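Only one structure is covered here, and it is reproduced in the block below.
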Amino acid sequence: MTFSHHKGGTGKTTSCLNIAGFLVQAGKKVLVVDCDPQANATVGLRYISQATGKNMYDVFMSGFEDFPETFPVTPISEIIRNTPSGIDLAPSHLDLVGADPYLYRMEGRAGILKEALATVRDQYDYILIDTPPSLGQLVINGLYAADHLIVTLDSGSFALDGVATLSTIFSDMKEDLGREIKPDMAIVSRWAEGATPAGHPEEPGEKKDLMSLFRALFYKKPEPTQDEIRSAEEQKAEHERLITMMSEVQRLFPVVYTIPFSPLIYEAQKRGLPISHFAPDSSAGVAYKTIAEEVLRWH
């Protein structure tokens, strides 16, 4: 499955690694393929690519006729590494940015990754492909190689701006390659607290102590300040924006999941671990586990 969006900061790598982590914990053999020259998935699994070591750059360039003879054909099995999380990794490196221009000159360029993965596909239950925030050949290879596609979005004001562009890419691929590309799922990351409006009903389990109830009965509540009124209005407007956004996302994608903002995601990343291995019971951990359970039903 491929994680894709041509915009950066939508949570592609975060979703890829955290879903992979829960799949591993479910007893599955999992490979993450890092096709992004920024190598965030590689670093996120606590693997540091060496300039002299082989990585996805070598795999992609193996199909280029004029690739220097000093670099023999590199099967993807030769670059796969184990990581502390139990997830296998085909690492990336900044060199990969140089492969994209060469790919445009190759016949059958869209199928390079698919052909490379065919040699190891039987060794894994799941292969997850992380793609760069671009519209280049690395993304097209990721889309063409995938049986399933997950589109990641953030909850910001411009989250839906790129969806139309993605639809155009999918249409172009159908026209050029004769294969229809349809997303199976959208994941909206960093789902804001604004999804719950000001003045929402008390959650189950919330209890006021006796003194609070006494004050509420016998003391007049002070009038809100202008700042408090403005803050409540802004929160209400944000809530309405998020509701409108979610309605549109649900119209465009067959399945939609949201991931609540959680600082534990970043704490896990700093340790080179998916949330499944660091804080599985956190709000974000529970959300990613639910998505992983959905993915398990695909296979």
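Here is how the numbers come out for the structure above:
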{"read-out": "Accessible carbon and sulfur surface of the stretch 71-140 relative to its total accessible area, %, 1.4 Å", "value": "54 percent"}
{"read-out": "Surface accessible to a 1.4 Å probe, per residue, for the residues of the stretch 65-148, Å²", "value": "49 Å²"}
{"read-out": "Sorted peptide list for 142-149, 265-272, 292-299, criterion being average Cβ within 10 angstrom, highest first", "value": "142-149, 265-272, 292-299"}
{"read-out": "Accessible surface of the stretch 252-299 [probe 1.4 Å, protein heavy atoms]: carbon and sulfur percent", "value": "57 percent"}
{"read-out": "Ordering of 28-37, 117-126, 255-264 by packing [mean C-beta count within 10 Å, highest first]", "value": "28-37, 255-264, 117-126"}
{"read-out": "Packing-based order for 178-186, 274-282, using average beta carbon neighbours within 10 Å, highest first", "value": "274-282, 178-186"}
{"read-out": "Charge context of P254, other residues only, Cβ under 10 angstrom, K/R +1, D/E -1", "value": "0"}
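The values are calculated or read from the model by the stated rules, or taken from the named source; none is laboratory data. As the structure is a computational prediction, the values presented were derived from the model and not from experiment. For neighbour counting, all protein chains shown are included, and Cβ atoms are generated from backbone atoms with ideal geometry for every residue, glycine included. All accessible areas refer to the heavy atoms of the entire protein, side chains included, with ligands and DNA or RNA removed. Shrake-Rupley method; radii C 1.70, N 1.55, O 1.52, S 1.80 Å.
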